[in-house]
1. Just to be sure I follow the definition: excluding the sites themselves, where is the longest run in the chain that has none of the GluC sites (Glu not before Pro) in a DSSP loop with at most 15 other Cβ atoms within 10 Å?
2. Please give the charge dipole size of the chain, origin at the Cα centre, charges +1 on K and R Cβ atoms and -1 on D and E Cβ atoms. Round to the nearest 20 debye.
3. Roughly how many nanometres apart are two label points built 7 Å out from the Cα toward the Cβ at Lys126 and Asp84?
4. For the range 2-50, take the alpha-carbon Rg, divide it by the Kirkwood Rh, and send me Rg/Rh.
5. Straight-line reach only, C-alpha to C-alpha below 18 angstrom: list the lysines that Lys5 could link to, leaving out same-chain residues fewer than 8 apart.
6. With no solvent and one equal point scatterer per Cα, compute the Debye intensity ratio I(q)/I(0) for the chain at 0.09, 0.11, 0.12 Å⁻¹ and report its log10, rounded to two decimals.
7. Just the accessible area for Asp84, please: 1.4 Å probe, Å², rounded to the nearest 10?
Amino acid sequence: MTSLKDKLKADLTTAMKARDEIRTRTLRMALAAVSTEEVAGKEARALSDDEIVKVLTKEAKKRREASEAFAGAGRAEQAQAELDEQAVLEEYLPAQLSDEELDRLVAEAIAESGAEGPKAMGQVMKILNPKIAGRAEGGRVAQVVRGRLSG
């Protein structure tokens, strides 16, 4: 199996040949973000597929937030361009958890940790994060956990 970075590079070549501007622009940006992450820190290293997924998740979140900011400023065209880029990035990310799946995982983590009250949120998140790993946004997970522990 090829790595996610190789797939991004191959898809970039395909997009360039097809003259797909949105996909080309987005994949170039994604590969640049991956390269930047690889050389960050004290020494350069190759990222694992999981680390690349984290980088792509962060980039997709940036696109969503930028889209909201553009829409709020009345700049619909730029907002749509950001949403288009986000859609391309999401093709490379694992499928997001549904509300029901997330609820079930949170309930299991609370039962496993025996947590009670909002102060135990850290214990629950520690158990939950490895199980979720890129399939749900952290803020969304924290909101569900907070709701379960306080109510």
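1. Details: sites that count: Glu43, Glu91, Glu116.
By the stated rule (loop sites, at most 15 other Cβ atoms within 10 Å), 44-90.
2. 340
3. Each label point is offset 7 Å from its Cα along the Cβ direction, giving 4.7 nm.
4. 1.04
5. Of all the lysines, those that pass the test against Lys5 - Cα under 18 Å, at least 8 places apart if same chain - are Lys54, Lys58.
6. One equal scatterer on each Cα of the chain leads to -0.38, -0.56, -0.65.
7. Per-residue accessible area (Asp84): approximately 50 Å².
The values are calculated or read from the model by the stated rules, or taken from the named source; none is laboratory data. Everything quoted here is computed from the prediction, not taken from an experiment. All Cβ positions, even for glycine, are placed from backbone atoms using ideal geometry, and neighbour counts span all protein chains on display. The accessibility values were calculated without ligands, DNA or RNA, using every heavy atom of the protein model including side chains. Shrake-Rupley method; radii C 1.70, N 1.55, O 1.52, S 1.80 Å.
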